[in-house]
Amino acid sequence: MTATPPPAEPVVDAAPPPEPGGSDTRPGSKRDGQSLWRQAFRRMRTSPIAILGAVIVLAFVLVALLAPWLAPYPAQATPGRDLIRPTMIPGPSAEFPLGLDRFGSDVLSQLIWGARASLVIGVVSTLLGLAGGVAVGLLAGAFGGWVDTAVMRFVDLMLAIPSLLLAVSIAAIAGQNNTSIIIAIGVVQIPIFARLLRGSMLAQRKEDYVLAARSLGLTRGTVTMSHVLPNSLGPVIVQATLVLATAVIEAAALSFLGLGGGRPTEAEWGRMLTGAQAELSIAPRLALLPGLCISITALGFTLLGESLREALDPRMRRRR
Amino acid sequence: MSAQDDAVTTPRDDEAPALLQVRDLEVTFTTDAGPVVAVSGVSFDVRAGQTVAIVGESGSGKSTVAAAVLGLLPRNGRVTAGSVTLDGQSLLGLSQRRLQRLRGRVLGLVPQDPMTNLNPTATIGRQLVETLEDTGTASGKEARDRAVELLTEAGIGQAEERIAAYPHQFSGGMRQRALIAIGLSASPELLVADEPTSALDVTVQQVVLDRMEQLTAARGTAVMLITHDLGLAADRASDVLVMYRGELVESGPALTLLREPTHEYTKRLLAAAPSLASRRIEIAKQTGAEDAVEGDDLLARTDGHETGTDEPPLIRVENLRKVFPGARRGLFGREPDVVAVDDVSFDMPRGRTVAIVGESGSGKSTVARMLLHLLEPTSGRVLLEGQEVDARRQADEIAFRRRVQPVFQDPYSSLDPLFTVFRTIEEPLRAHGYGDARTRSQRVYELLDQVALPAAMARRYPAELSGGQRQRVAIARALALQPDVVVCDEAVSALDVIVQSQILHLLADLQERLGLTYLFISHDLAVVRQIADHTCVMEKGRIVEQGPTDVVFDSPEEPYTQRLLAAIPGRSLELSL
Amino acid sequence: MLRLILRRLALLVPTLFGLSVLLFLWVRALPGGPAAALLGERATPEAVAEINRLYGFDRPLHEQYVRYLGQLLQGNFGTSLTTRRPVMEEFTNRFPATVELTIWAILIAVVVGIALGYVAARRHGSLVDNAAVVASLVGVTVPVFFLAFILKFVFAVRLGWFPSTGRQSNDIDATHYTNLYVLDGILTGEWDAAWDAVLHLVLPALALASIPLAIIARMTRSSVIEVQSSDYVRTAVAKGLRPPRVRNRVLLRNALLPVATTIGLQVGLLLSGAVLTETVFSYPGIGGFLATAISSADYPVLQGFILLIALVYALVNLAVDISYGIIDPRLRTR
């Protein structure tokens, strides 16, 4: 280990290329007219972590969308029903590439159809959390004062309960069905999004461009909607990407805890993993495969979200 | 002072052997875009006990030179050519262990920003004692006593007690003194002072620099002073090196360089440096050669002093007062209220520039915000053409906004990063229902032209502009609605000197052409000297002195104003016009 | 300092009060209402009416709430529907097991997480660093119970290195004082019992530690990277400090401050992670009990558990804030 911790980045003065001292004009470049978001995406294109994340996510989405064409057997079909014995579940074969499960379903088909279920759960619950969180955060961030205090107290209260338990409690109210899982996971995210957006808005509000906009005679609402909000969305969008990962994991955890109802043969990764516990010693692949699917999908969204966060980091922005 | 005497008495032929020899130094940074040469072909000497200043704008490579000499280049930078020798020993390629033994004892550093350069979790005393111990200067009880001594020398009173304080309990000036004490604690032969006072208020700046000069003179320490201010460099150093875009463009004894600059860039820098410009104005006034500086250095109008006419002021500020409630403490308690602005009154005649100068915390920006109706005054009022503006009536407010516009300090934060230049300038036009899309677009290009930006800039985002360009965009936006009054809140403070001078000229030019009235808020007296017709000096929320700029600068009555003026670097330089 | 502690404790009151209101409303929002919740599957209309009258569920809401709050204040969390024993009793029996597991998990997460984050940061941009970043991201994205499955399958079922379930082997007869088995074993000198308890704890503690470990590693990494490029570290080097002093007194001390807060935030995560981990390893703690309560809709247990966790969570964060105030002079001396 080196003795001196050298600064990771050059100090401002040394940051090449040098600012054009004196001339106050910069030759036009190819990058003219690129918005912050486009610059962020350009940075992401060069990051191996972002590319890996994007590839995983893309593959997942494609499989989910094309499930009816990709899956060898229809959802919930049990083509190998007659091959199952209490002590033996047939492994991979030509007919069933990843083997059968204890109901005689084709595991490959189940996994493909499961991608579809996960995509629906992930996207819908994230949208729910995002919409609710933005609404609540906007309420607090835009009005301030006692509205802000009241809303944030409530948000803090919700955040004092670990998210899994909160989801369990909500699912208990919403009843034993698939929608209740989506609602539970989505609602749990509302306070998180709300707090994030509000914090971000408070930070933006201190910037001079907000003062400048107010000086132009724009109303409070216009300033909020056209300046403060768009500039505050960065961290929220990063969070949404990460929540897509969380949603897939939490859905699995909820069905592991026996919530969400549905038939045991239904193609859903969490349910497949839960059901496989009993056959862990005779067919470990039944747990391994859906578990890997969950992990890899979640990893894809997380890699994407983290690299987006890095690309949008204001400290990187100023350095151009 | 001593440094200048040196310059006069010591001839250039170096009979004294150089302490530090830098030859053909080249520093290269590895970046995503490939290797970038930040400094090249830099050669200079520093003799024992001598003070040499390196002057340049941001990005000129002056701090990189300092870092290379100290062996503190960031990880992606390295010396790719040339040599650095100290006392005949090469500093390049030394192992970290060898370097560590030289640091403190031979090579000292006084860093730039006192706010970020002290360890926040250790006491000031601890940070001195550990330096003394690790450089083998003193240890145990002796180190502690020495630390107290050093702090006292650096001008920190009650050092006995203060030694137990943490950095956050010190003001900026005190922190910088502590850093000077640390830098000098092992009596290095060469002290590198990297913009040691640019983060401090002017009056503090001067005291701190004086103290540093005293201490280094007493120890016979050579100083390499890095600064962006040519006036300050000439004040403090016997020799000055000017850097531009990584190269040394000119060097020589301070006064020779100021009087007979040879390089084009040095000339531009000389013309732009506000401290020198204000000194030239002073000399011109004394010698009656005012015409020589008008238009270049002196941007305020020289005709018909002050309110020559009986015309009522465009804006009258009456007894403004702002009290901020103290921070909450405990469940019910509060800190005492803070009076930010107290009984401030002044008039702004049409077409003139009124400046408010003051140090940080003087309340000058609070006045600006109240005048802009961005902040409600606790009491007092702002009259526009004799009318009070009722901010609660929307029609009144909109009418007011059309006529009074701001330009803020930080060009990085005053533009919405998601808006293109075009949208930024068009926004006020759209908001106030100015014409149709075509007329608005025409007006935007007209405004870009007025602030001397090419039309192609319209498509760009703020992140793609330089600091000066952003400030031009901010000015164009402020002018979009054809206001009468523009409030410039430290509008040029964040810019490099040459760009600063360009923006000042632009502002003066626009005032001339459009008959604008400016309220110019600044901490920099030299700049105010150049641009203001009327100057108000603020201290601790109050205006302590105000009057025509000439009067305030030539015969200041208040001791505070006198102190401020004395603190402008380059006050005693004999410049040619 | 004392004022700070008292103020924070005072702030705890409205939080718990709000939580009790939420939980009270929650039980009433359950499908079938509180009576059905109490009766579970045996909820005939007659029984529901009977319960409603008996427990006063037909009274006005505010009256019910006052009564409910009174019970809570007396430590009465109701009766478990599955075991028919007071919820409080079930908790006190199982709590030490979970505390022991959680402490081990925190220890693993803190030690390994900080070490990993530190090493990665010191080689910022290197292969080691990238590997550590990806590893920590994987740590967050592998579901806890899936990791528990794998650990159990590989190290307990296949390799047989560790026991796969429980807290203690059947053939061990140990004396218990604190009900923290490892500690008990050490206190009584029953080394085999202590070792047996450690073996039982390794796998569940590893599974439980995975997420907090990953989070702490990432936090440490970014904090060390930030501090090591800070001006004051550069100045510490420039003034001639010896490398160990730069590393320990300047770099680490400053970089670990924000990590301390993160550790406090992990407690909530650990407690809910315990629900999943304990289930997989049939570990007789509060989490496994709760998992059963969830699947059998045992609402009094769930309700009590949420209150308990919120309280523990709040107290731990209070402790973290206070210790933070002690380590960080900027907060201590104002």
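The values are calculated or read from the model by the stated rules, or taken from the named source; none is laboratory data. Since we're looking at a predicted model, the values are computed, not measured. Every residue, glycine as well, gets a Cβ built from its backbone with ideal geometry; the counts of neighbours run over all protein chains shown. Remember, those area values only see protein heavy atoms, side chains included, never the ligands or the DNA or RNA. Shrake-Rupley method; radii C 1.70, N 1.55, O 1.52, S 1.80 Å.
Note on C:Val134/A:Ile51: beta-carbon distance plugged into 1/(1 + (r/R0)^6) with R0 of 22 Å gives a FRET efficiency of 0.95. Residues of region C:235-263 with amide nitrogen under 12 Å from the 7 Å Cα-to-Cβ point of C:Arg330? It comes to C:254-255, C:257-258, nothing else. Exposed loop positions in chain B were taken to be trypsin sites (Lys or Arg not before Pro) whose DSSP state is not H, G, I, E or B and which have at most 11 other beta-carbon atoms within 10 angstrom. Between these positions, the longest stretch is B:13-391.
Place a +1 charge on the Cβ of each Lys and Arg in chain B and a -1 charge on the Cβ of each Asp and Glu, then give the dipole magnitude about the Cα centre in debye, rounded to the nearest 20.
Working: 61 positive and 80 negative charges, 415 e Å.
With Lys and Arg at +1 and Asp and Glu at -1, about 2000 debye.
Shape summary of region C:2-73, radius of gyration then Dmax from alpha carbon positions: 16.1, 55 Å. Quick one: pull the percentage of alpha-carbon pairs in region B:87-129 with a separation above 11 Å. Within region B:87-129, distances greater than 11 Å cover 76 percent of Cα pairs.
Assuming charge only on the beta carbon of Lys and Arg (+1) and of Asp and Glu (-1), the dipole of region A:152-227 about its Cα centre is about 220 debye to the nearest 20. Note on the protein assembly as shown: Rg/Rh from C-alpha atoms, Kirkwood Rh, equals 1.02.
What is the distance in Å between the Cα centroid of region C:249-268 and that of region B:371-409? Here the answer is 47 Å between Cα centres. Using the Cα centre of the protein assembly as shown as origin and beta-carbon charges of +1 (Lys, Arg) and -1 (Asp, Glu), tell me which of A:Ser200, B:Val37, A:Leu218 is placed farthest towards the positive end of the dipole. Of the options given, the answer is A:Ser200.
Test of the criteria: in region B:504-577, which GluC sites (Glu not before Pro) are in a DSSP loop and have at most 14 other Cβ atoms within 10 angstrom of their Cβ? Can you show the working numbers first?
Details: sites: B:Glu512, B:Glu539, B:Glu545, B:Glu557, B:Glu574; in loops: B:Glu557, B:Glu574.
Listed in order of number, the matching sites are B:Glu557, B:Glu574.
Positive-end ranking of B:Leu575, B:Pro253, B:Asn117 along the dipole of the protein assembly as shown, with charges on Cβ about the Cα centre, is headed by B:Asn117.
Do you know the relative contact order of region B:20-68, to the nearest whole percent, from alpha carbon pairs under 8 angstrom that are 6+ apart?
On the way: 55 pairs, mean separation 16.7, N = 49.
Across region B:20-68, relative contact order equals 34 percent.
Note on surface exposure: B:Ser171, B:Ser275 rank B:Ser171, B:Ser275 by accessible area, highest first, 1.4 Å probe.
For region B:21-77, the Stokes-Einstein estimate of translational diffusion at 4 °C and a viscosity of 1.567 mPa s comes to 106 µm²/s, using the Kirkwood hydrodynamic radius over alpha-carbon pairs.
Report Rg/Rh for region C:34-122, rounded to two decimals, where Rg is the Cα radius of gyration and Rh the Kirkwood radius.
Working: Rg = 21.8 Å, Rh = 16.9 Å.
Rg divided by Rh gives 1.29.
Lys-Lys pairs in chain B that are eight or more residues apart or on separate chains and whose Cα atoms lie under 24 Å of each other come to 5.
The label-point distance for C:Leu311 and A:Ala94, in a model that sets each label 7 Å from Cα toward Cβ, rounds to 6.6 nm. Simple rule: put +1 on each Lys or Arg Cβ and -1 on each Asp or Glu Cβ in chain C, find the dipole, and look at C:Leu137, C:Ile326, C:Phe162; the Cα lying farthest toward the positive end is C:Ile326. Relative to one another, the C-alpha centroids of region B:58-105 and region A:53-91 are positioned 63 Å apart. Solvent-accessible surface of protein heavy atoms, probed at 1.4 angstrom with all chains present, puts A:Thr222, B:Thr287 in the order B:Thr287, A:Thr222, largest first.
Look at the stretch C:130-143: the mean tally of other chain Cβ atoms within 10 Å of its residues' Cβ atoms is 5. Computed 3J(HN,Hα) for region A:41-50, one whole-Hz value per residue from the Karplus formula 6.51 cos²θ - 1.76 cosθ + 1.60 where θ = phi - 60°, is 5, 4, 5, 5, 4, 9, 9, x, 5, 5, glycine and proline marked x.
In this simple spin-label approximation, B:Val339 and B:Arg423 carry label points 7 Å from Cα along the Cα→Cβ vector, and these lie 4.6 nm apart.
Legend: calculated FRET efficiency, C:Arg28 to C:Asn179, from the Cβ-Cβ distance at R0 = 60 Å, rounded to 0.05, equals 0.95.
Provide a whole-number value for the mean count of partner chain Cβ atoms within 10 Å of the Cβ atoms in peptide A:215-226. Don't skip to the end; give the middle numbers.
On the way: counts 16, 15, 13, 7, 4, 0, 0, 2, 0, 0, 0, 6.
That works out to 5 on average.
In the distance distribution for region C:94-331, Cα-Cα pairs more than 23 Å apart total 57 percent. Please compute, over every Cα-Cα pair in region C:51-208, the percentage with a separation greater than 26 angstrom. It works out to 53 percent of all Cα pairs.
Per-residue mean of other chain beta-carbon atoms within 10 angstrom of the beta-carbon, peptide A:299-306?
Numbers: counts 6, 1, 1, 4, 5, 0, 1, 5.
Mean shielding count: 3.
Taking label points 7 Å from Cα along the Cα-to-Cβ direction, B:Leu383 and B:Arg97 give a separation of 7.9 nm. Any idea what the relative contact order of region C:94-331 is, in percent, if you count C-alpha pairs under 8 Å spaced at least 6 apart? Result for region C:94-331 is 27 percent. Here region C:1-130 is treated with +1 on each Lys and Arg Cβ and -1 on each Asp and Glu Cβ, and its dipole about the Cα centre works out to around 500 debye. One Cα centroid belongs to region C:59-91, the other to region C:289-324; the line between them spans 16 Å. Rounded to the nearest 0.05, the FRET efficiency derived from the C-beta distance between C:Arg158 and B:Glu160 at R0 = 60 Å is 0.30.
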